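Worksheet: one structure, shown below.
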Amino acid sequence: MKPLPCVLTIAGSDSGGGAGIQADLKAISMAGCYGASAITAITAQNTVGVAGIEAVSSEFAALQIETVCSDIKVSAAKTGMLFSAPIIRAVAAALQGKDFPLVIDPVCVATSGAKLLKDDAVEAMKELFPLAELLTPNIPEAELFSGMEIKSREDIFAAIEVLLEMGPKAVLIKGGHLDSVASTDWLGISGQQPIPLMQQRVKTKNSHGTGCTLSASIASYLALGCDMVTAVRKAQEYLNLALRAGFDLGEGSGPPNHLAPMLRERSKQGVITDLHDFGLLLSGMDGFSKLVPEVRMNVAASLPYAGDINDVAAFSGGIAAARNGEILPCGYPGFGMSKMLARALICAGKSNPELSCAINLRYDAEILAAMVACGFVEAWFDREDETAEFRINEETTVEWGVCKAMSEHPEPEMVDVVCDSGAKGKVPQLRLFARNFTELEEKLVKIINALENV
């Protein structure tokens, strides 16, 4: 087997496993690289806080780096918590002359608020910057090292210039501390205008170790041969997924779920099998043909934390109803097979992350009345409200409409169905959502039974 690129992380140990060396090694492994480490300090911490820090000697920190590099070909490295001026200078000396890219995460304070860098180490840290291929400060760290307050985009641009003058080839100022709908990181490369790299902001308390995870992931993609912009984008995507898949580990701020890509990949076959079985169930459901729209129906199921249409499975040929009422699932279940329904499900999932299934139904007065009788919560959108920037094709219209309907509803997490009254040349439809196939079956049976009394 071809050897994996080796990424060396030089950082502190987090006994809680969410940040530091532990987070780095998980992120490096998930990127497809081999992780080596040089530990600068040992911490006693959990999700609530840091109870104690014991630093290794500066000589031993350097010895770890030199020992790894003397035997193993290192393709990239990153630094995290370096703690003290002697350790920083020893690390800088050990990295002098190395021909692999170095990502410096200038860790100063833990998520819990504990200081991870001694006061006399700030100036020493700046001595390390000229060795960096990339420097990745968050807003407070960028303020500390640039000596300026950052409140706006213009401040970020100015801070990038100040930091670039300190020697790194590129600077990524992470914008997570600024209030906005999206989380925007700004990448400044010497001689170029700063580039905004945006990701959807994830509402979560579990953000412990995000800086470690991002920098380790960037270093890994650089080791794999990606250019700087691509490496940062891939690392952002990984971190965003890990944050969406996060879980409560203890009483405080937990970490991102570093295994999210693997866990999602593992669930693919289960989604396909469940979708196939549900198609067979629909084939035998009495009265279901009454719900099939004039345009072909489909049913969709998403992977956990779906981010794009390739994370959503549907039938390649949709679902049709013959004249005799026979239900015909057409083609085969696969991912990326229904762009419109996939976009609708992903948008609905932004308001209610528990939703994982969707089906499009016939739009008529009797079915709407049946849904009301069932107590289903409806959300609506009017295509006449759509602006030109979204009116590109039917896929973008559906995406816009579902997002608009869910966001404008006072209780979006309670919505069962999004109603689309259509337009000239566009067939009106109802898009029914559910948390799983069992719930979707229950909702369809309720509608069919209610139709008998409408």
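The values are calculated or read from the model by the stated rules, or taken from the named source; none is laboratory data. Treat the numbers as computed from the prediction; the structure is a model and nothing was measured. Heads up, the Cβs are rebuilt from the backbone with ideal geometry, glycines too, and the neighbour counts pull from every protein chain shown. Surface areas here come from the heavy atoms of the whole protein model, side chains and all, with no ligands, DNA or RNA. Shrake-Rupley method; radii C 1.70, N 1.55, O 1.52, S 1.80 Å.
For this structure, a couple of remarks:
- Set F100, F60: member being touching a strand residue (DSSP E or B) at 6+ places or on another chain (Cβ under 6 Å), among the aromatic types (F, W, Y) and not in a strand (DSSP E or B): F100
- Selected residue [among the hydroxyl-bearing types (S, T, Y), modelled with pLDDT of 95 or more and buried (at least 19 other Cβ atoms within 10 Å of the Cβ)] from S70, S58: S58
- Meets criteria (outside any helix (DSSP H, G or I), touching a Pro at 6+ places or on another chain (Cβ under 9 Å) and not aliphatic (A, V, I, L, M)) for T47: yes
- Listed by position, the helices (runs of 4 or more DSSP H) enclosed by the range 359-454 include none that has at least 3 residues that are surrounded by fewer than 19 Cβ atoms within 10 Å (Cβ to Cβ), among the small types (G, A, S) and at pLDDT below 95.
- For the criterion of being under 27 Å from L8 (Cβ atoms), at pLDDT below 95 and either crowded, with 21+ Cβ neighbours inside 10 Å or not hydroxyl-bearing (S, T, Y) (or both), Q199 passes.
- Within the range 23-60, if we keep just the residues that are within 29 Å of L222 (Cβ to Cβ) and of a type in the set (D, E), the residue that is farthest from the chain's Cα centre (by Cα) turns out to be E59.
- Exactly one residue among E408, E395, E399, E413 is in contact with a strand residue (DSSP E or B) (Cβ under 9 Å, 6 or more places away or on another chain), among the charged types (D, E, K, R) and at negative phi, and that residue is E408.
- For the range 140-160, taking the residues that are out of contact with any Gly (no Cβ under 8 Å at 6 or more places or on another chain), among the aliphatic types (A, V, I, L, M) and in a helix (DSSP H, G or I), the one that is surrounded by the most Cβ atoms within 10 Å (Cβ to Cβ) is identified as A142.
- Residues located in the range 73-93, provided they are more than 13 Å from T9 (Cβ to Cβ) and either hydrophobic (A, V, I, L, M, F, W, C) or open to solvent by 40 Å² or more (accessible area, probe 1.4 Å) (or both): K73, F83, A85, P86, I87, I88, R89, A90, A92, A93
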